[in-house]
Structures are given as structure tokens and as C-alpha cells.
Amino acid sequence: MQTRPHRQETAMFRPFLALALMTAPALAQTADQEARLADAVAAMEAQSLAFYASIDPRFVPILTPPEDAPDFSDNRRCFMARLEEGGGPDMLEDYITALEEISASEITTLLDLGANAPEVMMSDVVFAASFECGSLSYSTSKMVTPEFLALMDEPEVMNALMGQAR
């Protein structure tokens, strides 16, 4: 009788074990993609801060995260899930790769940044995921604040951001 309950318990756990083995590679890929996205977002945040600071130093206190800045990892995980749901795993990979490439280059003007944005960045799926999941970083959360928008409204600042002579 001892062997019979043991067999039943083993049989009961087989589906869970099979599921764990099948999903392990996917979880590793997601963790890798999550790390890559976080690194690319951090690099993009640094590029943005450097660009905006070069235009007007008043952007620095707005965009510089404090030591106790909130963590946006939940937002990034939500964003990744929405991209994968709406566009598939290839779209998610294409987005991360595009962000890695953009974050590795210097921002010179907002016009150039927009003109050189890969198609995947302009997808309706990306915009919907951004809207649903929120900001991916501290600086992007601050780009909708009244202080940031007030600076953007100044004609000389906007002209400089667009690459037009001051």
C-alpha cells in the first residue's frame, strides 16, 4: 500500500514538472530581455539627461533621479508583456534591439531622434503599451510634468531642442 500513494503523488506532480521544464527556457529569455530592456532604458535616460542638460541646465533638476527614485521594473514588465501579446515575441525582441541601438548613440536634436526612430518604436502596439503600463524610467515620468512642459513651451528652448539656432 505504501507504493500506491507514492505513485499517485508522483503521477499528480508530473504535469507540474512538465510545465516547469517547458517554461524554464521562456522564463530565462524573459529575464534576459528584461535585463536588456532595463539596461537600454537606463542608457537612454542618461542620453536624454545629457541632451536636455546641453540645451538648458534647468532640465537637470527635473530629469535627474533622486537617490530614492521609484523603481519602474513593474512598468517595464507590463510593457514587455503587452508588446509580446500585441505584436508577438519578434516584436518584443525588435523593440529591445532598437532601443539598445538608439541608446548607444548621441541625441543631437529631437527632430533627428524622431526621424531615425525604427518603425517598431512608432507602432500602435508600443503606444498602447506605453499608455497602459506607464513610464519606463524616472526621466520619462518627468517629461509630462508642468515644470518640464513649461521649459518646452519656451520658444528658444524648443528651437534649440529641434536643432535650430538659438
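Any read-out appearing in this document is the output of simple, stated calculations on the displayed coordinates, not a laboratory observation. No experiment lies behind these values; they were computed from the predicted model shown. Cβ coordinates were reconstructed from backbone atoms using ideal geometry, including for glycine residues, and neighbour counts include every protein chain displayed.
Assorted remarks:
- Residue within the range 85-108 that is polar (S, T, N, Q) and not in a helix (DSSP H, G or I) present: yes
- Pairs are defined by a Cβ separation below 9 Å, a sequence spacing of at least 6 or placement on different chains, a first member in the range 100-119 that is touching a residue at least 12 places away in the same chain (Cβ under 8 Å), and a second member that is among the acidic types (Asp, Glu) and in a helix (DSSP H, G or I); the pairs so defined are GLU100/ASP39; SER103/ASP39; SER103/GLU45; PRO118/ASP94; PRO118/GLU101.
- Members of the range 53-90 that are free of Cβ contacts under 8 Å to residues at least 24 places away in the same chain and crowded, with 18+ Cβ neighbours inside 10 Å: GLU84
- Within the span defined as the range 107-116, every residue fails to be under 26 Å from ASP74 (Cα atoms) and surrounded by 12 or more Cβ atoms within 10 Å (Cβ to Cβ).
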